[in-house]
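Chemist: Can you read through this structure? Questions will come right after.
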Amino acid sequence: ADRVVIVGAGQGGFQAAASLRQDGFAGRVTLLGDEPGLPYQRPPLSKAYMKDGDPKRLALRAEAFFAEAAIERVEGRAVAIDRAAARVGLADGRTLAYDQLILATGARNVVPPIAGLADAVASRAVVGLRTLGDAGLLRERIAAGGRAVVIGGGFIGLEFAAVARAAGLDVTVVEAADRLMARVVSPEISGHFLDLHRSLGVDVRPGVAATAVEPGAVTLADGDRVAGDLILLAVGVRPNAELAAEAGLGVANGVVVDGRLVTSDPAISALGDVASYPGPDGAPVRLESVQAAVDHARHIARRIATGDMADYAAVPWFWSDQGDRKLQIAGLRHPGHRTVVVPGDRLVVLSLDGDVLKAVETVNAPAPHMAARRLLAQDRALTAGEIEAAGFDLVALAK
Ligand code: FAD
């Protein structure tokens, strides 16, 4: 390949460009993004940046890096892929020719069909938290003080709730599911964080859906009406897969890729939030994490730069900072897994498929987390019996 075009200049798009150069790719690299400014990382938006507003920790690299690495940054929005001509069309009429195309378009916030919500989002009376622009607006509203309502008790909603509460706001979190972060974490972890947020003074309402929204208030399924000077919508994301679908590529909960992260067109790969790839158990998964975006990008770059045709096989991992707690997850949990809480003073939860270890959740326990990542990367599955026989000492087992 002589020319690689990357659509989407976020976490994964940036990494793909950087890794192509690290792996010795000598052709043209074009990084197309529709957000203004340098590529930046999103995790601090709901954490450190929401707290202190310091932009220094956001940019993935300084301006000079892109010139030195000969990565051509183009600001614009891709609106069509002409696969026959191998060209991407931009909203402003420009086109970019490619030999290899990498789709790194990420995801956007879901706006569920709740009465009044679409209008409230359109007028910015209710905001999501995805971009630097969103974070700036929410910081202004936190500074104004008062009451905050967070719709959605997932990672981003809870991280934001902790920051807003620490800034002195009255915070209510509304979650339709009967426990927090239910899609991803074990009931034990949900319970731990429910206790944490309540101890911080956050009014957490699990099992209660928002049924109507108007500027300044949210109505709940139980009839309660909660006033909010600030309302955050944080109920999840949708992959930005329309570009791929319109080009006739396979799309099913994201752009479908094979074990090498290639779409149904051999010249087009997809990564990160927008990609549905064969996960650790072979079943398709779409992960919303820095780890997936970065590791996918490295894998695709290596294939393009060196011709390495290996299948992708990285262990998923994730983190979330809420209050003074760092939750870390290694591996992939499924709702059907049974859980074992490891005895000890730090919270460590094993997720097991039958007898086989699949995931480990830890709170403020980085050493067992790192050990779990090593253990899950081994070819040989680890059983509950072996872990118990080792006194539940993951660090010792990983040595
Ligand atoms: P993105 O980083 O979203 O980049 C996609 C880019 O493509 C965007 O800039 C988008 O505007 C652009 N784009 C889309 N369509 C087009 C188009 N047609 N033309 C041009 N450009 C386009 N993950 C963790 O692992 N840990 C965390 O603690 C964590 N915290 C988070 C906190 C927040 C507030 C958010 C929003 C996310 C967080 N994440 C976290 C998730 C993580 O940031 C994402 O999984 C990651 O950014 C995905 O990378 P990506 O490259 O797939 O997509």
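Chemist: Can you pull out the residues in the stretch 160-172 that are surrounded by 22 or more Cβ atoms within 10 Å (Cβ to Cβ) and closer than 25 Å to Gln41 by Cα?
Modeler: Scanning the stretch 160-172 gives Phe160, Ala161, Ala162, Val163, Ala164.
Chemist: Moving to a separate point now. Examine the stretch 39-55 for a residue that is touching a Gly at 6+ places or on another chain (Cβ under 6 Å), more than 8 Å from the ligand (Cβ to nearest atom) and outside any helix (DSSP H, G or I), and state whether such a residue exists.
Modeler: Of all residues in the stretch 39-55, those touching a Gly at 6+ places or on another chain (Cβ under 6 Å) come to none.
No; the residues of the stretch 39-55 include none that is touching a Gly at 6+ places or on another chain (Cβ under 6 Å), more than 8 Å from the ligand (Cβ to nearest atom) and outside any helix (DSSP H, G or I).
Chemist: While we're here: Would you confirm, using the coordinates I've provided, whether Ala64 is more than 17 Å from Ala270 (Cα to Cα) and either in contact with a His (Cβ under 8 Å, 6 or more places away or on another chain) or not in a loop (DSSP other than H, G, I, E, B) (or both)?
Modeler: yes
Chemist: Among the numbered conditions (1) outside the structural domain of Ala252 (by TED's automatic domain parsing); (2) under 23 Å from Arg380 (Cα atoms); (3) at pLDDT 95 or above, tell me where Gly336 comes up short.
Modeler: Unmet for Gly336, out of (1) outside the structural domain of Ala252 (by TED's automatic domain parsing); (2) under 23 Å from Arg380 (Cα atoms); (3) at pLDDT 95 or above: (3).
Chemist: Do you know which of the residues in the stretch 13-38 that are charged (D, E, K, R) and within 9 Å of the ligand (Cβ to nearest atom) is nearest to Ile102 (Cα to Cα)?
Modeler: Filtering the stretch 13-38 for residues charged (D, E, K, R) gives 21, 23, 28, 34-35.
So of that shortlist, the ones also within 9 Å of the ligand (Cβ to nearest atom) come out as 34-35.
Values: Asp34: 15, Glu35: 17 Å.
In this case the residue turns out to be Asp34.
Chemist: A further question on this structure: Between Asp295, Asp265, Asp281, which is buried (at least 23 other Cβ atoms within 10 Å of the Cβ) and not small (Gly, Ala, Ser)?
Modeler: Asp295
Chemist: Taking interchain pairs and intrachain pairs at least six residues apart, which have beta carbon atoms under 7 angstrom, with the first residue in the stretch 2-27 and more than 20 Å from Arg87 (Cβ to Cβ) and the second within 8 Å of the ligand (Cβ to nearest atom) and part of a loop (DSSP other than H, G, I, E, B)?
Modeler: Cβ pairs passing all conditions: Gly10/Pro39; Gly10/Ala104; Gly10/Gly106; Gln11/Gln41; Gln11/Arg42; Gly12/Ala104; Gly12/Leu271; Phe14/Pro39.
Chemist: If you don't mind, there's one more thing I want to ask. Does the stretch 326-334 contain any residue that is in contact with a Phe, Trp or Tyr (Cβ under 9 Å, 6 or more places away or on another chain), away from the ligand (no atom under 13 Å from the Cβ) and not in a loop (DSSP other than H, G, I, E, B)?
Modeler: As a first pass, look at the stretch 326-334 and keep what is in contact with a Phe, Trp or Tyr (Cβ under 9 Å, 6 or more places away or on another chain): 326-331.
Subset that is away from the ligand (no atom under 13 Å from the Cβ): 331.
Within this subset, residues satisfying the condition of being not in a loop (DSSP other than H, G, I, E, B) are 331.
Within the stretch 326-334, one or more residues are in contact with a Phe, Trp or Tyr (Cβ under 9 Å, 6 or more places away or on another chain), away from the ligand (no atom under 13 Å from the Cβ) and not in a loop (DSSP other than H, G, I, E, B).
Chemist: Out of the stretch 371-399, which residues are touching a strand residue (DSSP E or B) at 6+ places or on another chain (Cβ under 8 Å) and either at positive phi or among the aliphatic types (A, V, I, L, M) (or both)? Lay out the reasoning, then the answer.
Modeler: Here is the first cut: in the stretch 371-399, the ones touching a strand residue (DSSP E or B) at 6+ places or on another chain (Cβ under 8 Å) are 372-373, 375-376, 381-384, 387, 392, 394.
The answer is Ala372, Leu375, Leu376, Ala381, Leu382, Ala384, Ile387, Phe392, Leu394.
Chemist: Could you please find all residues in the stretch 264-287 being within 15 Å of the ligand (Cβ to nearest atom), more than 16 Å from Gly331 (Cβ to Cβ) and out of contact with any Gly (no Cβ under 6 Å at 6 or more places or on another chain)?
Modeler: Result: Ile268, Ser269, Ala270.
Chemist: Then there's this: Is there any pair linking a residue in the stretch 170-187 that is more than 21 Å from Ile329 (Cα to Cα) to one that is crowded, with 24+ Cβ neighbours inside 10 Å and of a type in the set (Lys, Arg), with Cβ under 8 Å and at least six apart or on different chains, and which?
Modeler: none
Chemist: Please go through the stretch 218-252 and pick out each residue that is within 27 Å of Val274 (Cα to Cα) and assigned to a strand (DSSP E or B). Show your work before the answer.
Modeler: Pass one, the stretch 218-252, residues within 27 Å of Val274 (Cα to Cα): 231-252.
Within the stretch 218-252, Ile231, Leu232, Leu233, Val237, Arg238, Pro239, Val251 qualify.
Chemist: State all residues of the stretch 242-262 that are exposed (fewer than 14 other Cβ atoms within 10 Å of the Cβ) and in contact (Cβ under 8 Å) with a residue 60 or more places away in the chain; if no residue qualifies, say none.
Modeler: Those that are exposed (fewer than 14 other Cβ atoms within 10 Å of the Cβ) and in contact (Cβ under 8 Å) with a residue 60 or more places away in the chain: Glu246, Gly248.
The values are calculated or read from the model by the stated rules, or taken from the named source; none is laboratory data. Not measured: the values here are computed from a predicted model. Virtual Cβ from ideal backbone geometry, glycine too; neighbours counted across all protein chains shown.
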